[in-house]
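The values are calculated or read from the model by the stated rules, or taken from the named source; none is laboratory data. Keep in mind that what you see is a predicted model, and the values were worked out from it rather than measured. Neighbour counts are summed over all protein chains in view; Cβ atoms, including those assigned to glycine, are modelled from backbone coordinates with ideal geometry.
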Amino acid sequence: MNPNNYLILAGILFTIGAFGVVLRRNAIIVFMSVEMMLNAANLAFATAARTTGTLDGQVAAFFVMVVAAAEVVVGLAIIVTIFRSRRSASIDEANLLKY
Amino acid sequence: MIAALIGLPLFGATVLLLGGRRTNSWGHYFAVAMSASAFFVGVANFVSMLGRSAEERAVENKLFDWIAVGSFQVPFGLHIDQLSIAFVLLITGVGTLIHIYSIGYMSHDENRRKFFAYLNLFVAAMLLLVLANNYFLLYVGWEGVGLASYLLISFWQHKPSAAVAGKKAFVVNRVGDVGLSIAVMLMFVTFGTVTFNGVAAAADKADATSLKLIGFALLLAACGKSAQFPLQSWLLDAMEGPTPVSALIHAATMVTAGVYLIVRAHAIFDLSETARTAVVVIGAITLLLGAFIGTAKDDIKKGLAGSTMSQIGYMILAAGLGPVGYAFAIFHLLTHGLFKAGLFLGAGSVMHGMHDDVNMRHYGALRNAMKVTYVTFGLGFLAIIGVPPFAGFWSKDEIIHAAFGQNTIIGLATLLGAGVTAFYMTRMMAMTFFGEARWEKDVHPHESPLVMTAPMMVLAVGSVFGGLGLKFLGNIDSWLEPVVGHGESEHSISNAVLIPITIAVVTAGASYAWITYGRRPVPVVAPAEVSLLTRAARNDAYGDAINEAVFMRPGLHLTRALVWFDSKGIDGFINALAGLIAGLSAQGRKLQNGYTRTYAITMLAGAALIAFVLFLVRL
Amino acid sequence: MNGESVVFWITAIFAVVGALGMIVSRKAVHSALWVAFAMVNLAVLYFTLQAPFLATTQIVVYTGAVMMLFLFVLMIVGVDSSDSLIETLKGQRLLATFFGLAFGGLLLSAIASTVALRNNGLDVANGDYGGNIQGIAHLIFNRYLLAFEVTSALLITAALGAMVLAHRERWTPRKTQIELSRERTHTSQVTPLPNPGVLARHNAVDTPALLPDGSPSQASLPQQFRETAQNDDASKEVTS
């Protein structure tokens with residue numbers, strides 16, 4: 001089975017994630033889209049590990065998961081904080097930091 | 001040795017200006033000492049020059065290379081010859097006397113130290129002017145004189161009239177300075193050098209037009225500095241300065257610079273008939289104009305100022321006569337320096353005794369109250385109107401004689417000038433020292449202290465014997481011959497005929513003045529019903545009005561137009577550019593709209609671009 | 001077509017469907033479930049890629065922990081809130097479509113046009129230390145030890161950060177029971193507030209109680225659910 005297929009799948013998932021980030025307004029869904037993009041990257045890492053015959057790619061994917069977990073904790077805390085003050089989870093509402 | 005001449009007064013000025021208030025107590029003595037030592041150095045130079053033969057008397061002393069740019073080589077060099085030494089002795093000698101006089105005259109002024117510092121600076125700048133060995137260095141001294149005159153004329157700057165007079169002198173001089181700088185540039189272009197010797201050597205190879213242009217530019221410079229028509233207007237206003245300054249400007253420094261410049265540049269004027277004619281015409285106009293103004297002035301200093309204009313006109317005229325007249329111009333300059341300084345110091349002494357009143361209609365019968373001033377002023381008076389054997393007679397007669405040799409009309413003009421001079425000087429004499437007392441009630445005329453009268457006495461001696469001494473003892477024309485050359489003019493009238501005629505004209509002028517002002521009572525208030533000519537003379541022949549109409553108003557409009565163009569055109573363009581950028585920035589700022597998703601799109605676009613580039617590279 | 005291909009095509013299609021479901025769902029909860037679905041499928045793909053450790057971690061950490069955290073937050077924010085799909089930013093959709101398609105197209109065409117990668121397989125690498133987990137452990141604790149330690153620092157920092165962000169400072173002293181009872185007797189509502197869902201169709205926390213006259217009572221809802229969109233649905237349901 002051609003490993004390129006895995007990479008193409010990773011690319012499709014990444015692109016869908018990017019669409020989610022730019023199109024959705026709910027901060028939590030945007031966040032999920034980011035997670036989707038990270039997962040796509042992980043898939044590419046795992047594919048690379050198998051094609052090269054080393055485990056380094058899998059370790060990298062593992063680190064990505066760790067970082068993603070940390071990011072989710074902080075990001076969700078921020079979303080909750082913003083929700084508390086603005087009573088909304090829409091990222092368009094948090095637009096005070098501008099020109 | 002030569003450098004010390006300039007260095008001593010410059011050192012004095014530096015010490016006094018940098019030393020500040022702690023030099024207040026001894027500053028004036030120090031300045032006098034510096035000026036006097038410069039005089040003694042000058043005398044030493046003179047003595048050593050006497051010891052050499054006529055051809056070896058000129059000495060060049062190059063201190064250092066000043067400007068060396070490609071073919072433009074200007075040394076900082078000093079040049080002393082028979083012409084320079086005459087000026088050095090006049091400047092330092094008369095200058096020192098004026099310094100001494102100022103000790104008394106300025107004794108109550110709280111800025112006396114500054115005054116002496118400026119006097120020293122004036123002397124130093126004038127010495128640099130006459131000792132430079134090239135036109136460029138001369139220009140430095142020229143500007144230094146302008147600066148010092150500005151500082152001194154507006155010395156009593158708390159008076160608006162003095163401040164304005166200083167500014168006016170500076171601005172009018174600037175017009176002349178432009179002439180000198182143009183002349184220096186033209187010289188460099190034409191001859192490739194600006195040293196006196198280099199220009200003199202190369203002059204006869206240059207074409208006539210260049211020589212003419214250089215001559216005109218030099219004449220313009222001389223007009224500015226020597227207050228010749230049409231740049232004469234500053235001189236009368238310059239009377240706002242303290243009287244010693246007037247004496248210094250009119251006798252020893254400043255106004256003589258123009259005459260020096262023309263005589264020094266004789267190599268150019270010798271070769272250009274047109275330029276010489278222009279010089280003669282300017283001199284003739286000025287000598288009559290000055291005398292004309294002098295006749296109507298009630299202000300004693302302004303009367304003397306008109307007289308200076310007139311006398312400098314004589315010198316310029318003489319210088320314009322060519323080799324025949326150079327020596328006489330310098331001769332008259334030297335005698336004039338002596339008697340005019342004496343007259344000014346005398347006028348200062350009168351003012352000193354009259355509570356700084358300058359109106360001669362408030363004087364009268366001062367001969368008993370101020371004996372020394374009366375006698376010294378009187379001797380100066382006799383010298384200036386040209387009574388033999390006083391100083392002015394010898395020099396003025398030579399000029400009149402030479403002028404007749406050149407052209408009868410010019411000769412007649414000088415003759416008429418002599419008569420008018422006799423008229424207004426006699427008028428001044430009569431109004432000041434004779435007639436009945438017309439003093440204000442609280443004025444008690446008194447003689448000035450010795451420190452003021454002593455220089456006046458010295459100058460009075462000079463007024464009496466200066467002409468005789470220079471002519472017969474000093475042989476002024478043969479002394480100057482190695483520098484300026486010698487020319488014999490074909491004399492249409494011999495001296496034996498001319499001298500009686502001159503004396504007759506002078507006597508007529510003096511008698512008419514005596515009848516008008518000496519015998520009849522002088523009204524205390526100037527009569528308002530006067531002829532048109534008198535009114536013109538009182539208004540300085542409308543020089544200011546003409547300047548204002550011809551230069552000031554068009555200049556004002558031009559300036560306004562330029563300001564408009566600058567603010568609306570150039571600034572408008574710049575501001576429009578700035579506005580455009582500001583507008584674009586204001587639009588560009590909108591990109592930073594606070595919406596996270598817009599930023600995300602930007603990132604996506606960047607990623608797409610990178611992918612695109614990678615794709616291109618891969619292909 | 002071997003077994004791997006079969007698994008790949010099924011899970012790949014599922015994963016893409018899950019991802020698309022995430023971005024088209026109006027309700028955030030649905031999105032979260034679609035993501036979880038896609039992630040489980042990815043975990044299956046990790047198995048086929050000879051990465052059992054990653055697959056397990058994917059299920060335990062991502063699907064189990066991270067996605068559940070998302071759901072918690074959704075509960076706080078309002079589980080039933082749904083986005084309106086009307087775009088408010090001008091040109092956003094157009095630009096997003098253009099750049100997204102450009103990026104995706106270029107990326108995929110780049111991958112597709114590469115020569116087929118060789119499939120080396122991980123049997124040797126996994127066999128060196130007696131298994132995939134042992135091999136990864138060896139790498140983490142040897143070659144990537146420093147990175148591993150740094151991630152621990154990162155996790156602690158993240159935990160602290162989340163605490164700081166979620167923390168609310170108390171500015172007034174805590175009210176005592178006496179004060180609370182006094183406060184209550186000074187309002188018109190002396191009795192306890194109605195519980196949500198009382199007499200309503202269902203007893204979800206965001207469904208208002210019905211008053212005896214049949215009208216919904218906002219007072220029965222927790223603060224953050226009052227006056228929000230879904231209440232209208234609930235009242236409509238009740239009144240219909």
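Listed by position, the helices (runs of 4 or more DSSP H) contained in the stretch B:212-310 that have at least 2 residues being farther than 22 Å from B:Gly462 by Cα and either under 16 Å from the mean Cα position of the chain (by Cα) or in contact (Cβ under 8 Å) with a residue 24 or more places away in the chain (or both) are B:233-237, B:255-264, B:266-271, B:273-296.
One residue stands out among those in the stretch C:215-235 that are assigned to a helix (DSSP H, G or I) and modelled with pLDDT of 75 or more: the one that is surrounded by the most Cβ atoms within 10 Å (Cβ to Cβ), which is C:Ser220. It is to be established whether one or more residues within the stretch B:423-435 are of a type outside the set (Lys, Arg) and part of a loop (DSSP other than H, G, I, E, B). Scanning the stretch B:423-435, I find at least one residue that is of a type outside the set (Lys, Arg) and part of a loop (DSSP other than H, G, I, E, B), so the answer is yes.
Within the stretch C:120-133, being surrounded by 14 or more Cβ atoms within 10 Å (Cβ to Cβ) and without any contact (Cβ under 8 Å) to a residue 60 or more places away in the chain holds for C:Asn120, C:Ala125, C:Tyr129. Within the stretch B:591-614, residues that are over 17 Å from C:Arg93 (Cα atoms) have Cβ atoms under 6 Å from residues that are modelled with pLDDT under 90 and crowded, with 18+ Cβ neighbours inside 10 Å in these pairs: B:Ala611/C:Leu106; B:Ala611/C:Leu107; B:Phe612/C:Leu106, counting only partners at least 6 apart in sequence or on another chain. Does C:Leu20 satisfy being within 7 Å of chain A (Cβ to nearest Cβ), farther than 27 Å from A:Ala77 by Cβ, modelled with pLDDT of 90 or more and touching a Ser or Thr at 6+ places or on another chain (Cβ under 9 Å)? Spelling it out, it is not the case that C:Leu20 is within 7 Å of chain A (Cβ to nearest Cβ), farther than 27 Å from A:Ala77 by Cβ, modelled with pLDDT of 90 or more and touching a Ser or Thr at 6+ places or on another chain (Cβ under 9 Å).
Scanning the stretch B:291-329 for residues that are among the basic types (Lys, Arg) and more than 20 Å from B:Phe377 (Cα to Cα) yields no hits at all.
Quick check on the stretch B:18-31. Is at least one of its residues crowded, with 23+ Cβ neighbours inside 10 Å and either more than 17 Å from B:Ala124 (Cα to Cα) or under 23 Å from the mean Cα position of the chain (by Cα) (or both)?
To start, the set of residues in the stretch B:18-31 that are crowded, with 23+ Cβ neighbours inside 10 Å comprises B:27-28, B:31.
Now drop any that are not either more than 17 Å from B:Ala124 (Cα to Cα) or under 23 Å from the mean Cα position of the chain (by Cα) (or both), which leaves B:31.
So far as the stretch B:18-31 goes, yes, one or more of its residues are crowded, with 23+ Cβ neighbours inside 10 Å and either more than 17 Å from B:Ala124 (Cα to Cα) or under 23 Å from the mean Cα position of the chain (by Cα) (or both).
Is it the case that C:Val164 is farther than 30 Å from A:Val72 by Cβ and either assigned to a loop (DSSP other than H, G, I, E, B) or of a type in the set (Val, Ile, Thr) (or both)? Answer is no for this residue. It is to be established whether one or more residues within the stretch B:221-233 are over 25 Å from B:Ala545 (Cα atoms) and touching a helix residue (DSSP H, G or I) at 6+ places or on another chain (Cβ under 6 Å). No: zero hits.
Filtering C:Val44, C:Val35 for residues that are in a helix (DSSP H, G or I), more than 17 Å from A:Met37 (Cβ to Cβ) and touching a residue at least 12 places away in the same chain (Cβ under 8 Å) leaves a single hit, C:Val44.
State yes or no: is B:Ser478 surrounded by 15 or more Cβ atoms within 10 Å (Cβ to Cβ) and hydroxyl-bearing (Ser, Thr, Tyr)? Spell out the reasoning first.
Details: surrounded by 15 or more Cβ atoms within 10 Å (Cβ to Cβ): no; hydroxyl-bearing (Ser, Thr, Tyr): yes.
Taking the combined requirement at face value, the residue does not satisfy it.
Scanning the stretch A:74-99 for residues that are more than 7 Å from every other protein chain (Cβ to nearest Cβ) and either among the hydrophobic types (A, V, I, L, M, F, W, C) or in contact (Cβ under 8 Å) with a residue 24 or more places away in the chain (or both) turns up A:Gly75, A:Ile82, A:Ser90, A:Ala94.
Tell me yes or no: at least one residue of the stretch C:180-198 is at the interface with another protein chain (Cβ under 9 Å from one of its Cβ atoms), free of Cβ contacts under 8 Å to residues at least 24 places away in the same chain and assigned to a loop (DSSP other than H, G, I, E, B).
Filtering the stretch C:180-198 down to residues at the interface with another protein chain (Cβ under 9 Å from one of its Cβ atoms) leaves none.
No: zero hits.
Among residues belonging to the stretch A:50-73 that are touching a residue at least 12 places away in the same chain (Cβ under 8 Å) and small (Gly, Ala, Ser), point out the one that is farthest from B:Gly588 (Cα to Cα). Here the answer is A:Gly57. Looking across the stretch A:20-63 at every residue that is within 7 Å of another protein chain (Cβ to nearest Cβ) and under 14 Å from C:Gly18 (Cβ atoms), the one that is surrounded by the fewest Cβ atoms within 10 Å (Cβ to Cβ) is identified as A:Glu35.
The set of residues in the stretch A:3-44 that are without any contact (Cβ under 8 Å) to a residue 12 or more places away in the chain and farther than 14 Å from C:Ala12 by Cα comprises A:Thr15, A:Val22, A:Leu23, A:Arg24, A:Ile29. Checking the structure you have, find out if any residue of the stretch B:2-10 is closer than 20 Å to B:Pro455 by Cβ and at pLDDT 85 or above. Yes, the stretch B:2-10 has at least one match.
Out of curiosity, is C:Leu106 among the aliphatic types (A, V, I, L, M), more than 20 Å from A:Ala46 (Cβ to Cβ), at the interface with another protein chain (Cβ under 7 Å from one of its Cβ atoms) and surrounded by fewer than 21 Cβ atoms within 10 Å (Cβ to Cβ)? Judged against the criteria, C:Leu106 is not a match. For B:Phe76, state whether it is more than 30 Å from B:Thr243 (Cα to Cα), modelled with pLDDT of 85 or more and under 26 Å from the mean Cα position of the chain (by Cα). The answer is yes for B:Phe76. Only one of the numbered conditions (1) of a type outside the set (D, E, K, R); (2) farther than 23 Å from B:Trp66 by Cα; (3) in contact (Cβ under 8 Å) with a residue 12 or more places away in the chain is not met by B:Thr190, and that is (2).
Filtered by the rule that a residue be touching a helix residue (DSSP H, G or I) at 6+ places or on another chain (Cβ under 8 Å), more than 7 Å from every other protein chain (Cβ to nearest Cβ) and either farther than 20 Å from A:Ala61 by Cα or part of a loop (DSSP other than H, G, I, E, B) (or both), the stretch C:112-127 gives a lone residue, C:Ser113.
Restricting to the stretch B:378-398, name every residue that is outside any loop (DSSP other than H, G, I, E, B) and either aliphatic (A, V, I, L, M) or in contact with a Cys (Cβ under 7 Å, 6 or more places away or on another chain) (or both).
Within the stretch B:378-398, the first condition is being outside any loop (DSSP other than H, G, I, E, B), and the residues that meet it are B:378-385, B:391-398.
Listed by number, the residues that qualify are B:Leu379, B:Leu382, B:Ala383, B:Ile384, B:Ile385, B:Ala391.
Could you check, for the stretch C:52-64, whether at least one of its residues is touching a Pro at 6+ places or on another chain (Cβ under 8 Å) and either within 7 Å of another protein chain (Cβ to nearest Cβ) or among the hydrophobic types (A, V, I, L, M, F, W, C) (or both)?
No, because not a single residue in the stretch C:52-64 is touching a Pro at 6+ places or on another chain (Cβ under 8 Å) and either within 7 Å of another protein chain (Cβ to nearest Cβ) or among the hydrophobic types (A, V, I, L, M, F, W, C) (or both).
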